[in-house]
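Novice: Let me give you the structure first, and then I'll get to my questions.
The values are calculated or read from the model by the stated rules, or taken from the named source; none is laboratory data. Just so we're clear, the structure is a prediction, and the values are computed from it rather than from any experiment. Cβ placement follows ideal geometry from the backbone for every residue including glycine, while neighbour counts extend to all protein chains displayed. These area figures cover heavy atoms from the full protein model, side chains too; ligands, DNA and RNA do not enter into them. Shrake-Rupley method; radii C 1.70, N 1.55, O 1.52, S 1.80 Å.
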Amino acid sequence: MSQLSTTAKRAGWRFASSLPALFGVLVFTFLLMRVLPGDPAVFFASGPSAGKEEIEMIRKQMGLDKPVPEQLLRYLGDIGAGNLGRSLTTGQPVLADLRSRLPASLELTFSALLIALLTAIPLGVAAALRQGSWVDHLVRFICALGVCVPTFVSGLLLIYAFYYLLGLAPDPTGRVDIFTSLPPRATGFLLIDFALAGDWEGWRAAAAQLVLPAMTMALFVVAPLARITRAAMLASLGSDFVRTARSLGLPPAKVIVTYALRNALLPVLTIAGIVFSTMLGANVLVEKVFSWPGVASYALDALLSSDYAPVQGFVLLMASIFVVVNLTVDVLYGIADPRVSVE
Amino acid sequence: MSILRTACLASMLLASTALPALAQSRAETLRHVTGAAINTLDPNIPGSTREAFGLSLLTYDRLLSFGKKQLDGKWVFDLDKFQPELAESYTVSPDGLKITFKLRKDAKFHDGTPVTAEDVKWSLDRAVTANVLGKGQLLTGSLTSPDQFKVVDAHTFEVTLPKPDKLALANLAVVYPVIFNSKLAKSKATAEDPWALAWLKENTAGSGAYIIESFKPGETTILRRNPDWNRGSAEKPAAFKRIITQTIPEAATRANLVEKGDADIAIDLQATDAADLEKKGKLKVISTPQYNAITFVSFNNQMPPFDKIEVRKAIAAALPYEDMFKAALFGRGKPLYGATWADGKAPTGETFPIAQPVKTDLAEAKKLLTAAGFPDGFSTTFSFNVGQAGTAEPMAALLKESLAKIGIKVDIQKLPDAQMSTLINEKKVPFFTEGIVAWLPSMDYFYRNFYIGPIRWNYSSINDEKITEWAQTARFEPDMAKYAALGKELNTRHFELMPQIPLWQPSQDAVMAPSIEGYVYQFHRQIDFRDLSRK
């Protein structure tokens, strides 16, 4: 009980202390967008008959006719009221766009992270146990391959092989086959929604659609995770408590899993948190290649057309997620190693 | 929200039907893949994408639509021929000032309300009054004020023009003057938004061939056929029961989908993919040179050294046209270079653009450059949009290489689209490539919109008294012989001044399943799905 309350207190304190950073991100993005070259009003007024009048109209609509400090104040006011503005690229309120697209990105990232962890941890452990042998070299080779092939290349290759040549994968567009009916939206995570609706055929369709993009993303992050696992495993295998456990004659599997791996997971957890946050933002290319309706490709489109509101909304969202992820890692840390939560 | 719910219900119903029925529905469904997004249901909203224009042609009717004609064996829209849509017939008074439309009596909006002259009046008033895109377009057809539109009776409608204008009817057939269900729209209007701009952006109030089933901007739009629609040429509803337009950003994936037969049609593939698919011969590929578009190399004619005609002509003589055409478009399009004009005068005047008598001649280029006072050349930048990088990048590299041979050092600048638009609008780009499109590609329209005044679309910033005068006169010239004579003068003058160098008209490659029929190249460079059917 007391551990729970200290954890909650810690989490609360951590969260409160991250608020100034969020505010800073807010103001910084706002100013950054305004100093970038390119006038969004001119860009959007690109119809065949668009003249000065139309440009002025869009500028006014976007609130760009006001001085920057006033724009900032209005923007902060809007944020306070939960209004992130409206995207000109999609024509929808940014909040609605993000809300409908975030689950897609999260579902993809979670799946990819899961695949990556399930691959990377055994690989890392194997490499650490057979340090210097061919297993170690093979793992290093796989890691190097994963990191050096850019995601859009591996994505297109996977599509070419599994969709175009072999015909095993469904067509690589979006989250579910276009002819499949969607489940009623409960969480926005298709796998969960299909399961809730009891539509297992739909669930399979959504899962099949998820495999290639998730693998593409996982391929890219296996390397850091496997390397960290390997290093942490080596450190803990060489430590006193493992030596003690071994000398006591405990079964090797128990020594490796319970004593070595559990202690080695701490740094892996940290890296996984960071990897998750970066993946969420950095999977633009994967989302583009697989027409995945996620937040990253949304923000990129907006950025290319100087559409301020979605970019600002996206950065704010990413910053908030970063805070939440750090918080979660922190709490998990406390559970994995109780010494951490002692103030 | 309710659209979503309906879509869910509809798709659940669909899913519950037996398998043969599903296979059937696949045959009656057209899946269209595109790289861009539909961002509004009302084409009038500033910022509308071309895909949104395409959609509005399906969900809304206009008074008229363009007919079609054959150009080099391909079906394209015909600027001078109209087919009835909501108007059953129209008559133009002998003095050309009054157009009277007889409306169809059987036309109904999607909610069942009959279409009346009141709806037409409200819609056209909106197009010329509200802060919408239609305003700027319709004035090119002398349609500027609600006073010009009159309801005679429930099914008769009159348009009055201040001067006879060749483009008045054509302007009523473009995407902006769509006819709204005025009762429905008015019920959604507010004091600040009397024309229901906000509501119509996300809802349709039309009478068109298709009804929106679901609309996810940037992802998919699903349309259901309107069974009561009979405004097509064959007096029956459109052929496809459902149309799915899906945004697929990756061009290679779009090509794969069409090739595998998972998608039925795409018009915006990379030139390489289109060429490749054509070679494989499994699909139907219809390449139509975009006869209302031009890709050109432009200069700012007000900015030294491009304010000198000799410099512009020197560059025109130094461009490696053939190599550029092959590298950028794989030769898919219609070249606008390499013509021979016997007496130095333009051979035709009814049309623009026409092929220019320019060819690569470095000795001549060097001579012109020396005459301009730059025997050693100069340094400049050549800019293009990131969005056009696929074609502009190889082109720019070849241009740079060729110009270096006559001493012009070129620094290539690849600019984000928004930045490029801004710089062009502020007239700050010296030397660049751009593409233009005219919905209504008449000769005078091109000259009036792209070669006159301080507007953004006057890319070369040319300010020539003669061009201005002739183009404005041509607009209201009813005598076709005189019109052609003016055009001949304009085309000749264009070549003499060389404000910019037309390069080519890129092809629109429509790649489709072999069973799809009826494709017509349209003015807005989108597919009019009402034309299509499956054999």
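Novice: For the list (1) over 30 Å from residue B:137 (Cβ atoms); (2) at pLDDT below 85, I need the number of the one condition that residue A:64 fails.
Specialist: Unmet condition: (1).
Novice: In the list A:327, A:261, which residue meets the criterion of being surrounded by 20 or more Cβ atoms within 10 Å (Cβ to Cβ) and in a helix (DSSP H, G or I)?
Specialist: Numbers: A:327 fails: surrounded by 20 or more Cβ atoms within 10 Å (Cβ to Cβ).
Every option except A:261 fails the conditions.
Novice: Considering A:211, A:139, A:176, A:147, which residue is open to solvent by less than 50 Å² (accessible area, probe 1.4 Å), on the phi < 0 side of the Ramachandran plot and either in a helix (DSSP H, G or I) or away from chain B (no Cβ under 14 Å) (or both)?
Specialist: Numbers: A:211 fails: open to solvent by less than 50 Å² (accessible area, probe 1.4 Å); A:176 fails: either in a helix (DSSP H, G or I) or away from chain B (no Cβ under 14 Å) (or both); A:147 fails: open to solvent by less than 50 Å² (accessible area, probe 1.4 Å).
Just one listed residue meets the conditions, A:139.
Novice: Within the stretch B:247-280, how many residues turn out to be within 11 Å of chain A (Cβ to nearest Cβ), closer than 20 Å to residue B:218 by Cβ and open to solvent by less than 20 Å² (accessible area, probe 1.4 Å)?
Specialist: Residues in the stretch B:247-280 being within 11 Å of chain A (Cβ to nearest Cβ), closer than 20 Å to residue B:218 by Cβ and open to solvent by less than 20 Å² (accessible area, probe 1.4 Å): 6 in total.
Novice: Also, I was wondering about something else. What residue, of B:418, B:389, is small (Gly, Ala, Ser) and surrounded by fewer than 19 Cβ atoms within 10 Å (Cβ to Cβ)? First the steps, then the outcome.
Specialist: Details: B:418 fails: surrounded by fewer than 19 Cβ atoms within 10 Å (Cβ to Cβ).
Selected residue: B:389, the only one of B:418, B:389 that is small (Gly, Ala, Ser) and surrounded by fewer than 19 Cβ atoms within 10 Å (Cβ to Cβ).
Novice: Something else now. Here are the criteria: (1) open to solvent by 20 Å² or more (accessible area, probe 1.4 Å); (2) more than 14 Å from chain A (Cβ to nearest Cβ); (3) at pLDDT 85 or above. Tell me which single one residue B:72 does not satisfy.
Specialist: (3)
Novice: Kindly provide the set of residues from the stretch A:65-84 that are assigned to a loop (DSSP other than H, G, I, E, B) and either within 12 Å of another protein chain (Cβ to nearest Cβ) or touching a residue at least 40 places away in the same chain (Cβ under 8 Å) (or both), ordered by number. Break it down into steps so the answer makes sense when it comes.
Specialist: Taking the stretch A:65-84 as the starting set, the residues that turn out to be assigned to a loop (DSSP other than H, G, I, E, B) are A:65-67, A:81-84.
Of everything in the stretch A:65-84, just one residue is assigned to a loop (DSSP other than H, G, I, E, B) and either within 12 Å of another protein chain (Cβ to nearest Cβ) or touching a residue at least 40 places away in the same chain (Cβ under 8 Å) (or both), namely A:84.
Novice: Sticking with this one: Give me the residue from the stretch B:413-438 that is in contact with a strand residue (DSSP E or B) (Cβ under 6 Å, 6 or more places away or on another chain) and in a helix (DSSP H, G or I) and, out of that set, farthest from the other protein chains (Cβ to nearest Cβ).
Specialist: Here the residue is B:420.
Novice: Going by the structure shown, is residue A:307 acidic (Asp, Glu) and under 27 Å from residue A:16 (Cα atoms)?
Specialist: Numbers: acidic (Asp, Glu): yes; under 27 Å from residue A:16 (Cα atoms): no.
So residue A:307 does not fit the description; no.
Novice: Given B:15, B:37, which one is surrounded by 13 or more Cβ atoms within 10 Å (Cβ to Cβ), more than 31 Å from the chain's Cα centre (by Cα), within 11 Å of chain A (Cβ to nearest Cβ) and at pLDDT below 90? Give the derivation first.
Specialist: Details: B:37 fails: more than 31 Å from the chain's Cα centre (by Cα).
Sole residue among the options that is surrounded by 13 or more Cβ atoms within 10 Å (Cβ to Cβ), more than 31 Å from the chain's Cα centre (by Cα), within 11 Å of chain A (Cβ to nearest Cβ) and at pLDDT below 90: B:15.
Novice: Cβ-Cβ distance below 6 Å, separation of 6 or more or different chains: which pairs start in the stretch B:509-535 with a residue that is in contact (Cβ under 8 Å) with a residue 12 or more places away in the chain and end on one that is of a type in the set (Asp, Glu) and open to solvent by 40 Å² or more (accessible area, probe 1.4 Å)?
Specialist: B:518/B:531; B:520/B:531; B:533/B:517; B:535/B:517
Novice: Does the stretch B:319-370 hold any residues that are surrounded by 18 or more Cβ atoms within 10 Å (Cβ to Cβ) and either part of a helix (DSSP H, G or I) or touching a Lys or Arg at 6+ places or on another chain (Cβ under 8 Å) (or both), and which are they?
Specialist: Within the stretch B:319-370, B:321, B:324, B:325, B:328, B:329, B:337, B:346, B:349, B:365, B:366, B:368, B:369 qualify.
Novice: Another question, then. So in the stretch A:278-294, with the set limited to residues that are more than 13 Å from the chain's Cα centre (by Cα) and outside any loop (DSSP other than H, G, I, E, B), which one is nearest to residue A:170 (Cα to Cα)? Write out each step before concluding.
Specialist: Going through the stretch A:278-294, the residues more than 13 Å from the chain's Cα centre (by Cα) turn out to be A:288-293.
Narrowing further to those that are outside any loop (DSSP other than H, G, I, E, B): A:288-289.
Numbers: A:288: 17, A:289: 14 Å.
By that ranking, first place goes to A:289.
Novice: Would you say residue A:109 is crowded, with 20+ Cβ neighbours inside 10 Å and within 12 Å of chain B (Cβ to nearest Cβ)? Quick ask: steps written out before the conclusion?
Specialist: Details: crowded, with 20+ Cβ neighbours inside 10 Å: yes; within 12 Å of chain B (Cβ to nearest Cβ): no.
The answer is no for residue A:109.
Novice: Does residue B:459 fit the bill of being buried (at least 22 other Cβ atoms within 10 Å of the Cβ) and either hydrophobic (A, V, I, L, M, F, W, C) or in a loop (DSSP other than H, G, I, E, B) (or both)? Write out each step before concluding.
Specialist: Values: buried (at least 22 other Cβ atoms within 10 Å of the Cβ): yes; either hydrophobic (A, V, I, L, M, F, W, C) or in a loop (DSSP other than H, G, I, E, B) (or both): yes.
Yes.
Novice: If the requirement is being at pLDDT below 90 and within 20 Å of residue B:524 (Cβ to Cβ), which of these qualifies: B:51, B:28?
Specialist: Details: B:28 fails: within 20 Å of residue B:524 (Cβ to Cβ).
None of the others qualify; the one that does is B:51.
Novice: May I pose another question? Please state which of the following conditions residue A:222 fails to meet, knowing it meets all the rest: (1) closer than 25 Å to residue A:145 by Cβ; (2) in a loop (DSSP other than H, G, I, E, B).
Specialist: (2)
Novice: Considering only the stretch B:75-119, state which residues are open to solvent by less than 60 Å² (accessible area, probe 1.4 Å), closer than 21 Å to residue B:146 by Cα and touching a Ser or Thr at 6+ places or on another chain (Cβ under 8 Å).
Specialist: Scanning the stretch B:75-119 gives B:86, B:93, B:97, B:99, B:100, B:101, B:103, B:115, B:117, B:119.
Novice: Next up: Can you tell me which residues in the stretch B:221-246 are of a type outside the set (Lys, Arg), within 23 Å of residue B:512 (Cα to Cα) and either more than 9 Å from chain A (Cβ to nearest Cβ) or crowded, with 24+ Cβ neighbours inside 10 Å (or both)? Walk me through how you get there before you give the answer.
Specialist: Here is the first cut: in the stretch B:221-246, the ones of a type outside the set (Lys, Arg) are B:221-223, B:226-230, B:232-235, B:237-240, B:243-246.
Checking the rest, the ones that are also within 23 Å of residue B:512 (Cα to Cα) come to B:221-223, B:232-234, B:237-240, B:243-246.
Result: B:221, B:223, B:232, B:233, B:234, B:237, B:238, B:239, B:240, B:243, B:245.
Okay, residues lined up against (1) more than 12 Å from chain B (Cβ to nearest Cβ); (2) among the hydrophobic types (A, V, I, L, M, F, W, C); (3) out of contact with any helix residue (DSSP H, G or I) (no Cβ under 7 Å at 6 or more places or on another chain); (4) in a helix (DSSP H, G or I):
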position: A:159; (1), (2), (3), (4): no, yes, no, yes
position: A:164; (1), (2), (3), (4): no, no, no, yes
position: A:169; (1), (2), (3), (4): no, yes, no, no
position: A:172; (1), (2), (3), (4): no, no, no, no
position: A:180; (1), (2), (3), (4): no, no, no, no
position: A:184; (1), (2), (3), (4): no, no, no, no
position: A:187; (1), (2), (3), (4): yes, no, no, no
position: A:192; (1), (2), (3), (4): yes, yes, yes, yes
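Here is a yes/no grid of residues against (1) open to solvent by less than 20 Å² (accessible area, probe 1.4 Å); (2) within 12 Å of chain A (Cβ to nearest Cβ); (3) over 24 Å from residue B:528 (Cα atoms):
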{"position": "B:138", "(1), (2), (3)": "yes, yes, no"}
{"position": "B:173", "(1), (2), (3)": "yes, no, no"}
{"position": "B:179", "(1), (2), (3)": "yes, no, no"}
{"position": "B:189", "(1), (2), (3)": "no, no, yes"}
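Novice: Where residues in the stretch A:85-102 are part of a loop (DSSP other than H, G, I, E, B) and open to solvent by less than 20 Å² (accessible area, probe 1.4 Å), which of them is farthest from the other protein chains (Cβ to nearest Cβ)? Can you show your working first?
Specialist: From the stretch A:85-102, those part of a loop (DSSP other than H, G, I, E, B) are A:85, A:87-92; that's our starting set.
In the following step, the residues that additionally are open to solvent by less than 20 Å² (accessible area, probe 1.4 Å) were identified as A:87, A:90-91.
Values: A:87: 8, A:90: 4, A:91: 4 Å.
The selected residue is A:87.
Novice: Scan (1) modelled with pLDDT of 90 or more; (2) within 14 Å of chain A (Cβ to nearest Cβ); (3) open to solvent by 10 Å² or more (accessible area, probe 1.4 Å) for the single condition residue B:285 breaks and write down its number.
Specialist: Condition not satisfied by residue B:285: (2).
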